[in-house]
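Structure, as structure tokens:
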Amino acid sequence: MINNSPFGTRQLDTFVATAVLVLAIVLFPLRFFASQILIETVPIVLGGASVVFLAVKYYGHEDASFANWQLSEETIHVLRAATIVGLGGMVSVGLLTDGRTVPFFMVASVVGTLIFVQILFSEESALQPSVIIGELLAFALILRGIALLTTPGLIGVDTWTHVFEFAGAIREAGELSGMSESKYFAAPLYHLFLAVAGELFHSSLRTALYVSLGFAIPFSTLLIYFTSRYFLSVRWSLLALAMYSVSDHVVRWGLEIIPTSMGVAFFLAIFYGAAKIYVSENRRPLYALVLFFCLAIVLTHQISSFVALVFLGAGMVTQLGYRYALPERIAHHLYDSRKQVNFVGLFAFTMVVTFVDWMYTPLSSESFLTGMIDLFRRQFEAYAGFLNIVSNTSVTSSTIESLITTIPVTVGLIDTLGFLLLLLVTLIGSFTLLRQNRLKMLHMTWLISAGIMLFVALGMPIFGIYTFVPNRWFAFLFVPMALAAAFGLRYLTAHHPSKAIVVGILIFAVVFPGATMIGHKGTPDDPVFNDIYPEFSYTESELQAAETISSIHPSGETLQTDHPYWTVYERRQQDDRMKQFELTDRGTIAADAAVYRPYQTEGAPKATYNGELLRVQLPHDSVCGPARDTVYTIGSVEYCR
């Protein structure tokens, strides 16, 4: 009888799907008040996922006919051979074109599609997990490795500080004193590891970084497969691994290898450990292992430890809700009480360790904990407001307005397409997890934690709150999303294997790998739309120019260049005289000295105007015009005064 109530699992999925559909209808008009690609597209995805799930639930039925659409073993052998050739082609094209260029991504998209088709459309007898995993690992390593090998220096902004300033100081001094005033003084695990790796390999820190964490980070994604194998068959576990390993935000932290990268790996270990505890009888060693990784993530990265607390906190809420909040007869039907994880204990331990660590973490003149609370309070008071997603600063100069570049709607849609597809199948999978005869407590933990992380990553910025650095959350969020998405696609193939569903899944296999790989967050080395999205890598001449100009520029005088190039001077050269461009009303540079590079005219640099950071394209004469003298040039970089 209970299953006919709104609390029964057969009705809960319908209730939630209907609620999401209503939410989509409510959110749809926001497009008329704010022009932002996710605000315009996410409501459509929410509504689409709800409609597809409800249609399949009420008009579909258990059916094994999807097997009729699967490819023969001979065809799969051909696809495997093509995949191997394609992997070699990725290496060849990447080296010949000197990086991850558009031709490289064209080849990579084809290879990604071949792997996805093998996973989704292989006959059971032809599906060999070891082969697919090998293909995915090779694909992941090539996808990241080509960027690392062909890019001079490092990729990103924070990478320069973590590698050369913090890890370099530890290696030189043999102790932590070199970063005693940094917030990473109480979270030094990444920097200690890198310094030790450099000594162990007798190499530069850059080389040590790439041969250690550069390999380890892609391999850590295998924990997605091992986690999903406790709940899904081989096919869908491989799909979860494939979707996660090629996603743009996951690839990003294999290129910008900083404490966040290590934090994602530790989070995957915690996530896997919780699943292992859930299905195991001998749990004590597993609890010790999870506690070890909880401690490791606290000692590595503050945001990562906060995300871990969100996951463990979601588990605690689920556990306590089952025990105390729900009536026993309802709880009995909602949850499988035979399998539980002591999330209360895990959360309490991690919370205490995090609290103590943050109390002793320096941040300016106060502790990290009090500093972050104060920062959140100030940002909330200053910026919080519904749809406060852009600055209120207005550009009054027509000259400045002519320099500003905007993101075309088509480009924005292509850039976010991979995420939108993943969100679509994730929602279908989430509804699926709510319709099981007995809701698994761990699955509820996944869904609650994913909901909280989605709110931090997408919801809080709508209200103007960026305190928790929402862009750093996606790689963690994609962990439960990939697992739920695998459940969703399994449900569609099992309950409504019609021609329309099969075509939709085939389109997903063809479009998703390429779409998510070219997202600008996964291509900081060389964005596909490099005149729209910033490039966080530099040429040899640009790096040499930064070193030389920092040494010859008069002390005490400031100079300016574009964002992000100025960060190389600040982070790599530790030159605090370099600032980002400040534009005058005439569109020229306000400083007496400036550094020009062609990227400022052709790429997507940023400069400040009236305190606002704008994406602009500057002519050469706006930076180093006739009124300035050229002091130094190297390659295409020009230093003028």
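The values are calculated or read from the model by the stated rules, or taken from the named source; none is laboratory data. All figures in this text were calculated on a predicted structure; none of them were measured in a lab. Heads up, the Cβs are rebuilt from the backbone with ideal geometry, glycines too, and the neighbour counts pull from every protein chain shown. Protein only, heavy atoms only, side chains kept; ligands, DNA and RNA dropped before computing areas. Shrake-Rupley method; radii C 1.70, N 1.55, O 1.52, S 1.80 Å.
Summing charges over neighbours of Ala186, with a neighbour being any other residue whose Cβ is under 14 Å away from its Cβ, gives -2 when K and R count +1 and D and E count -1.
Absence of a disulfide-compatible partner, taken as no other cysteine beta carbon within less than 4.7 angstrom, is noted in the chain for Cys294. Neighbours of Ala545, meaning other residues whose beta-carbon lies under 14 angstrom from its beta-carbon, give a summed charge of -4 when Lys and Arg score +1 and Asp and Glu score -1.
When the residues Glu281, Glu165, Glu582 are ordered by accessible surface, computed with a 1.4 Å probe over the protein chains alone, the sequence from largest down reads Glu281, Glu582, Glu165.
Tell me, what % of the accessible area of the chain is carbon and sulfur with a 1.4 angstrom probe?
Within the chain, the accessible surface is 63 percent carbon and sulfur.
Once you've got the Cα coordinates, tell me which of Lys276/Lys440; Lys57/Lys339; Lys579/Lys606 are over 18 Å apart. From the list (Lys276/Lys440; Lys57/Lys339; Lys579/Lys606), the Cα-Cα distance tops 18 Å for Lys57/Lys339.
Entry note, the chain: the mean residue ellipticity at 222 nm calculated from DSSP H runs of n ≥ 4, each adding -39500 (n - 2.57), is -19000 deg cm²/dmol after division by the residues and rounding to the nearest 500. Answer with a single label: of (1) 29.2; (2) 26.4; (3) 28.2, which was calculated as Kirkwood radius over Cα pairs in Å from the structure in view? Of the listed options (1) 29.2; (2) 26.4; (3) 28.2, (2) comes from this structure. To the nearest ten degrees, helix 189-201 and the longest principal axis of the Cα atoms of the chain are 70 degrees apart. Compared with the dominant Cα axis of the chain, that is its longest principal axis, helix 343-359 is turned about 10°.
Taking the longest Cα principal axis of the chain as reference, the axis of helix 284-298 is set at about 30 degrees. Of the beta bridges in the chain, as assigned by DSSP with both residues counted there, near 70 percent are antiparallel.
Could you work out the Kirkwood radius for region 590-641, taking every pair of different alpha carbons, averaging 1/r and inverting it, reported in Å? The Cα-based Kirkwood calculation yields 11.5 Å. For region 618-629, backbone phi angles converted through the Karplus equation (6.51, -1.76, 1.60; θ = phi - 60°) give residue-by-residue couplings of 10, x, 4, 5, 6, 9, 10, x, x, 6, 10, 9 Hz, Gly and Pro being listed as x.
Placing dummy labels 7 Å off each Cα toward the beta-carbon, the span from Asp158 to Val91 is 3.3 nm.
Here Glu612 and Val510 are evaluated by their C-beta separation; at R0 = 35 Å the FRET efficiency comes out at 0.30. Potential lengthening of the chain between Ser555 and Val234 amounts to 109.3 nm, from the contour at 0.36 nm per residue minus the alpha-carbon distance.
Sorting Leu30, Leu442 by accessible area (1.4 Å probe), largest first, what list results?
Working: Leu30 25, Leu442 0 Å².
Largest accessible area first, the residues go Leu30, Leu442.
With the whole protein complex present, Lys440 retains an accessible surface near 60 Å², based on a 1.4 Å probe.
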